[in-house]
Amino acid sequence: MELLDILQDPQLVAQFQRSCGLSLQPKDEVNGVASGHSSAKTLQAGREKTAGVKGVPQENGHKPYINGTCINGAHRQGPVRKYVVRNYLLYYLFRFAAALGQEIFYITFLPFTLWNIDSFIARRLIIVWCIVMYIGQASKDLLKWPRPSCPPVVKLETRVEAEYGMPSTHAIAATSISFTFLLAAMDRYQFPFVLGLVAAVFLSTLVSLSRLYTGMHTVLDVICGVLIALLFIAVTSPIWDSMDHLLLTNPICPVCAVVAGFLLSYNYPKLDHYSTTRADTTVILGVGAGTCVGIWITNLIGLTYVPSGVFPLGIPLITYPMLLKQLLRFVLGVTLLVITRYIMKTLSLKALGLWYKVSTQDVLVRQRLEIEVPYKFVTYTSMGVVATSLVPWIDYLLEL
């Protein structure tokens, strides 16, 4: 228990941040500027304004929130604390690493893998990612362990500040994606396994450390996130081939995926305040359900990608025509996803507004369970179907 208390201590996170050149601005500084440094960058109203040099005081997390507190769906703000960055190399490295666990990475890397690398690997990535992320998200709201406090920790993010901390879903996602990619590819393509293992360890470690640097998790949160992902992979990897075959060929699987995904979203653990975890989880489960539907359709029409040759295959040389095709496939796919998201979000919100006789333009209305879960689930299930079936079909017609 003593070890757990140490790993959960915010001071441990603050020590890591200070060792990386990030610290709260001392109260005895003159005019808010660290001695020996000039004020070059401050954060105001969530926007950065840059002027120049090191030792930069910034607002801590823009608008800090207090875990578990809200008023009419809006989180109560705590006092603003400025912080100083003394190592910009680590600052931008860890901010970039933190982005690898956010939506922008998922909506680019996963579709790119599906359309341009290997749909076999992409299927495993998406399914594993959806399941472990649901485990992580639900665990947060069941355990209700708070995030590290400020002070002593510097907090660089605010969107998820109202969420609970245990476990780190960034660590879960980074570890599961890195090692699932490695395991799915090692018997399919020829590459040095040690190099792939080093890459997987490096990426998962970098993203995990970024959660300490940004002050969003304790060391225990991160360790548990990594262990959950590794344990899930170790337990389920022996049945991946069987599950993949079922998802591709059994017509019951898409139905089960949609029904289970919606029920899990609608019956997500309830909190006494609004949190983005339910919305994010619904998005994840919607993508997973749509993927199950889409890959079944794609296999039904005979467009499931099966490389020719004997496994493991050699990795083809990258050529300009190949890069051009990949770029065209990616641009076409993302365009269709953006259009699908806009259409399905608009239609589902209008339908729900008419059904419940409410204005879905109101943010608080859209946060209601009976509105938020259906519209997000329908929207992202549709996007999953389009990404895994319509886009490959159009690529086939256009000979891309």
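The values are calculated or read from the model by the stated rules, or taken from the named source; none is laboratory data. Predicted, not measured: the structure shown is a model, and the values here were computed from it. Quick reminder, even Gly has a Cβ in these numbers, built from the backbone with ideal geometry, and neighbours come from all protein chains shown. The protein model used for the area step is the full one, side chains on, heavy atoms only, and it has no ligands, DNA or RNA in it. Shrake-Rupley method; radii C 1.70, N 1.55, O 1.52, S 1.80 Å.
Pop out the ³J(HN,Hα) list for the range 105-116 in order, Karplus 6.51 cos²θ - 1.76 cosθ + 1.60 with θ = phi - 60°, rounded to Hz; leave Gly and Pro as x.
Result, ordered by residue: 6, 4, 7, 10, 5, 5, x, 4, 4, 5, 8, 10 Hz.
Between Ile131 and Gln11, what is 0.36 nm times their sequence separation minus the Cα-Cα distance? Round to one decimal in nm. Don't skip to the end; give the middle numbers.
Working: separation 120, 0.36 × 120 = 43.20 nm, distance 3.23 nm.
Length gained, Ile131 through Gln11: 40.0 nm.
What pairs in Lys270/Lys350; Lys350/Lys376; Lys270/Lys376; Lys325/Lys376; Lys155/Lys376 have C-alpha atoms more than 21 Å from each other?
In this structure, Lys270/Lys350; Lys325/Lys376; Lys155/Lys376 lie more than 21 Å apart at Cα.
With the full set of protein chains in place, find how many percent of the accessible area of the chain is carbon and sulfur; take the probe as 1.4 Å. Before the final figure, lay out each step's value.
On the way: 13440 of 19780 Å².
Carbon-and-sulfur percentage of accessible area, whole number: 68.
Per DSSP H run of n ≥ 4, the term is -39500 (n - 2.57); total these for the chain, divide by its residue number, and report the mean residue ellipticity at 222 nm rounded to 500 deg cm²/dmol. Could the numbers behind the result be given before it?
Numbers: 15 runs with 235 residues, N = 400.
Rounded to the nearest 500, it is -19500 deg cm²/dmol.
Let me know the whole percent of all Cα-Cα pairs from the chain that are separated by more than 34 Å.
Details: 28345 of 79800 pairs.
Every Cα pair in the chain considered, those over 34 Å come to 36 percent.
Roughly how far apart, in whole Å, are the Cα centres of the range 123-198 and the range 310-329?
29 Å
Might you report the magnitude of the Cβ-based charge dipole of the chain about its Cα centre, with Lys and Arg at +1 and Asp and Glu at -1, to the nearest 20 debye?
On the way: 32 positive and 24 negative charges, 211 e Å.
Charge dipole of the chain: 1020 debye, to the nearest 20.
Tell me the label-point distance for the pair Phe202, Ser308, using the 7 Å Cα-to-Cβ offset, in nm and rounded to one decimal.
Here the answer is 3.5 nm between the modelled labels.
Quick one: the Cα spread of the range 314-371 along its three principal axes, in angstroms, biggest first?
Per principal axis, max minus min of the Cα coordinates gives 57, 18, 16 Å.
Quick one: helix 276-300 against the long Cα principal axis of the chain, what's the angle to the nearest 10°, folded into 0 to 90?
Helix 276-300 sits at roughly 20 degrees to that axis.
Cα axis of helix 169-186 to longest principal axis of the chain: angle in degrees, 0 to 90, nearest 10?
40 degrees
Quick check: residue separation of Asn87 and Ile315 times 0.36 nm, minus the Cα distance between them. What number comes out in nm?
On the way: separation 228, 0.36 × 228 = 82.08 nm, distance 3.83 nm.
Extra length from Asn87 to Ile315 when fully extended: 78.2 nm.
What whole-number distance in Å separates the alpha-carbon centres of the range 231-285 and the range 1-17?
33 Å
Counting Lys and Arg as +1 and Asp and Glu as -1, what is the net charge of the other residues whose Cβ lies under 14 Å from the Cβ of Val386? Spell out each step's value before the answer.
Values: positive: Arg329, Arg341, Lys345; negative: Asp395.
Here the charged neighbours net out to +2.
What number comes out for accessible area per residue over the range 110-212 if the probe is 1.4 Å? Units Å², please. Don't jump to the answer; show the numbers that get you there.
Values: 3410 Å² over 103 residues.
That works out to 33 Å² per residue.
For the range 266-320, what ratio Rg/Rh do Cα atoms give with a Kirkwood hydrodynamic radius?
Values: Rg = 19.5 Å, Rh = 15.4 Å.
Taking Rg over the Kirkwood Rh, I get 1.27.
Where only protein heavy atoms count, and the probe is 1.4 Å, what is the accessible area per residue for the range 308-364 in Å²?
Result: 77 Å² of accessible area for each residue.
Which value, in Å², gives the accessible area per residue of the range 240-283 when a 1.4 Å probe is used on the protein heavy atoms?
Values: 2220 Å² over 44 residues.
I get 51 Å² per residue for this part.
At q = 0.16, 0.17, 0.21 Å⁻¹, what is the log10 ratio I(q)/I(0) for the range 174-332, with the Debye formula run over Cα points and no solvent?
Values, matching the q order: -1.35, -1.43, -1.44.
If each of Glu2 and Phe330 carries a label point 7 Å out from its Cα toward its Cβ, how far apart are those two points in nm?
According to this spin-label approximation, the distance is 5.2 nm.
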